[in-house]
Structures are given as C-alpha cells and as structure tokens.
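Below is one structure, written out as structure tokens; the observations come after it.
Each reported figure results from applying straightforward, stated rules to the coordinates on display, with no laboratory input. Quick caveat: nothing in here was measured; it's all calculated off a predicted structure. Please note: Cβ atoms are built from the backbone with ideal geometry, for glycine as well, and neighbour counts cover all protein chains shown.
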Amino acid sequence: MITLRSVPLFGGSTRAKSPVVTVQRRLNVYFENRQDGDKTKVACYGTPGLSAAFTLSTPGGLPVRGMLGTQSALYAVAYNQFQSVNNSGIALFTGSVGTSSGNCALATNGTQVLVADGSTGYIYTPAAATFTAIGSNFPATARTVTYVAGFFVAEQPGSQNVWASDQGDGSTWNALSFGVASAYSDNVLAVDNLAGNLIVFGEQHIEPWQNAGLSPFPFVPILSAASEYGLAAIWSRAHVNESIIFLAQNREGQKQVVQLKGFLVAPISDPDIEAIINAMGTTADAVGCARGTDQHKFYQLTFPTEMRSFLFDTSTGLWCETQTGTSITPARHTAQFSTYFQGQVILSDYATNQLYYDDPGSYTDNGVPIIREVTTRHILSQFNRIRVAALYLDMETGVGLQTGQGSNPMIMLQYSTDNGRTWSAERWVTLGEVGKYHTRVWWRRFSSARDIVFKIRMSDPVKFVITEGAMKVRQKRAA
C-alpha cells in the first residue's frame, strides 16, 4: 500500500535568471484562489481557447492594423482600407487610407470615428457615409488618438505637444488648441483616456490631464500626479480591469510592466518576468490586449519580433506564458489586438483576417492545438537524498472526447535531478476516456536525488484542471 502526502508542487515563480533558484513554468494555465479551501486552496486551470467570431473581408485576407468596437459597430483598418463592418464581418462601408502597413489608432465620439495611421488623420461619419482626410492643424504624423471629455486628442510625435479638436467635432482643429507636457522635458509618445482624464505618455514619464473648460485648449495637467515611468512600447497599452497596463521603462533604464489605476502607477511584473523582458533584443514593438474568463481579467503582452507572449492575471497577480500551437520552444499567441464589441471582448489574429472570442469551453485556438505545461517547484528535504516512490496528481478525469484526438487524453511527465538542465524520458499516463471519472493520474519509481523537479504537459483538446499533488518519498540522510 502506498501512503501519499500532499506537497506544494506549484508556485508563482518563472524560470529566468538561474535554474538553481527556480525552473517553474506555467504555459497556457492560470491559478485560481479558492476562498473556502474545499479540496484545495489553489486550483490550476487551462486558459480559455479561442472560438471564431467572424472573418473580415480585408484586402487579400490581411490582418487588421487596428480596430475599435462599440456596442453596435466595429471599425477596422487593414492594408490601405478602413471598414465599418457588421457582426458577420461584412463591410458596410469602406474607405482608403494613405498607408498600407504599421499599426493604426481609432477613437469615436459616437457620431464620428477618427483614424490615425501615422501619416494622416481621417474622419468617418456613419450618418453621412463619408470618410475624409482631416485638414489643417491636426498633427498628421500622430500615431495614437483618444476621445475624452468631449474632445478628440492626438499627440505630435517628436515634441511635447498634444492637440485637441473642437468640441464634439474631430474634423476641425484650432491652430492654438494644443498643450505642452511640462512635468518633464521628454517627448510625448501616446495619449489615452482613463476614467475621464486625459493620460499623456512620454518617453520618461506619464502625465494625467483634466478638462478645465479653458479655450482654445481645454485641458490642464495634474502635475502632482505625474509619474516617472516612460512608455517603452506604444502599442503595449491595454485597458484591463478599470486600468491601463503597459510596458514601461523606469528611470534606471529597465523595462517593467506597470498598471495605471486612477493616478497611481505601480509595477506588476515580478523579477522573473522583468529578467526575461530585459534580456530580449527587441521590445519596442510589444503589443498588449485584454482577455478574460469569469472573474479572471487577463492582460496579454506579446513581443512580435521575439515571438513570445505572456499573460498577467489581475485577480491573482500571477504571470504565465501563453502561445498557440504545439511548438516545444516558446512561441507567440495568435491574438494581437482586442476591443469591446456588442457586449464582449473580441480579438484579432496577428497573421490573418480572423476575429475571435475567448471561450473557456474551447480547448483549441480555433482548431489549433494548445499546449498546457506546468513545471513544479524544487522538491527537496533539507538537501538530504530522497527517492520519490510515487507522484500523484489530483486532476479532473474522464473528460475524453467521443472521437479523434482527445478520445483517450494523455498526460506527459518528465523529471530532472539537475535543476532542469536535462530531463528524463517522457512518461505518459491516461487522463481517462469519457466518463471514466475514477481514473488515477500517477507515476511510480523515480531516481534518487537531493533535488527533483517535474514537468507536466498535455496537448489533447480536453479540459485541464489540477487541484493538488501528492508524493510518497523515501529519505536517506546525507553521508
């Protein structure tokens, strides 16, 4: 008879600076704190898959360069075309922009949509079905735009200036309606709206502004609320859980992911994630988007050049890696941009014209397999040599599909006794065919070691839930 004891297998660290410290990895999984601690205090779930929303009729099937949704309408730019589309992806209106590459920004006041492509500003008026370039005084090279307190606002790249339109009209801009970000002397990179305040992002700082009813430029800075975090990647900004999360650069030159909530800016990246990011070659092209399932609101940060994506859970403060496909080496997730549309978040594909919804009941990314992987904490007993006689995972079993891949879902395990530098051969066990709820997920007989870690991986498209882990360990005292 094997007597097992529960062990803390899973933690919140991520392998980064030294495997001797931690080799933990969470790929396409997230933790959930269980307040009543019924069977476990922390459960491990697979991240939601992607279900197809609809396909846009973009030129050549190219991906969107930017999109904006409302309760009733969705607007997108792809290649050199602006579109207003319905919830089937059919273009109701199209217009031409002057560029064909690079990200675009969109904002709306309800009656107009402003589009900035880094070369020109455009106004789409749904009621009149017109799409025209904005005339004089709009900062033509603006890369970001927002609508706040009755005005469209855009930044003027390479300067400290931000410009505002006439009230309620994005087609008219006064030659004197601009303000200067003056808390610090760096250039403005982006503008945004949070809780009715204008947020000005600089190279080395952030300034919140508020509408003071002045003329011709209505906003004034709240200088006491300025913060010394610069914007490290223009498109990393995403609105998540009543805040803006983005990739920042601190005054010491290090990249951090920070959260702006109200006027408070605080880092949310831990030392492991920061070590990974700061070791990257290219970070300025990072893209952020919002995702989520039930109470878990996620911020996804993707580095397109580095082909890596990370997911931050605002409910637990924990990070995991996320990717689409079965690559053994890290790869990026397929989602690029997010926006609100008809009551829920919709996501764009970085390579195609497909749009998606997060779907906790889907175990693929629109048919593409999802790898689930968890690497455990270091398991040791005061550095005495131990032998693990058995490892048991309490998982949801009997979740197999009726046919095809996943009809007999399998869990793979490897172990390492040298801090994750080398791994044992793969050892597979079944998660149980459909209805086989009494299936036991366990492995026996491992090498003796003073330190051991385990890697658990699943690629079958079925539900992934771990509540607890237990082991039987024999210990020998060190000589």
Give me the three principal axis extents of region 111-199 from the C-alpha atoms, as integers in angstrom, largest value leading.
42, 28, 21
Tell me, Kirkwood radius of region 315-363 from alpha-carbon pair distances, in Å?
12.7 Å
For L223 and D166, extending 7 Å from Cα along the Cα-Cβ vector and measuring point to point gives, in nm, a value of 3.3 nm
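In the chain, how many lysine pairs have Cα atoms under 19 Å apart, counting only pairs 8 or more places apart or on different chains? Mind showing how you got there, number by number?
Details: K17/K255; K17/K455; K39/K463; K261/K297; K436/K463; K455/K463; K455/K472.
The result is 7.
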Once you have all Cα-Cα distances for region 162-306, histogram them in 10 Å bins from zero and send the whole-percent values.
11, 39, 32, 15, 3
Separation of the A279 and T120 label points, Cα + 7 Å toward Cβ, nm
4.6 nm
Using the Kirkwood radius over C-alpha pairs as Rh, can you work out the diffusion coefficient of region 1-156 via Stokes-Einstein at 37 °C, viscosity 0.692 mPa s, in µm² per second?
168 µm²/s
Take the eigenvalues of the Cα gyration tensor for region 302-415, scale each by 5, and report the square roots as semi-axes in whole Å, largest first.
32, 20, 15
Let me know the Kirkwood hydrodynamic radius for region 16-89, please, with Cα pairs as the basis and the value in Å to one decimal.
16.7 Å
At q = 0.16, 0.18, 0.24 Å⁻¹, work out log10 I(q)/I(0) for region 152-241 with the Debye formula, treating every Cα as an identical point scatterer and leaving solvent out; two decimals please.
-0.60, -0.76, -1.30
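Taking other Cβ within 10 Å of each residue's Cβ, how do H333, H438 sort, fewest first? It would help to have the intermediate numbers written out before the result.
On the way: H333 27, H438 8.
Exposure proxy ranking, most exposed first: H438, H333.
Against the 2.2 N^0.38 Å scaling, with N counting residues, where does region 1-50 land? I'd like the Cα-based Rg ratio to two decimal places.
Numbers: Rg = 14.1 Å, N = 50, 2.2 N^0.38 = 9.7 Å.
Cα-based Rg divided by the globular estimate yields 1.45.
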Bins of 20 Å, beginning at zero and ending with the bin holding the largest distance: percent of Cα pairs per bin for the chain, please.
23, 49, 23, 5, 0
Working only with C-alpha atoms, what are the Rg and Dmax values of region 414-477, expressed in angstrom?
14.0, 45
Long-range alpha-carbon pairs in region 50-97, meaning those over 15 Å apart, account in percent for 37 percent
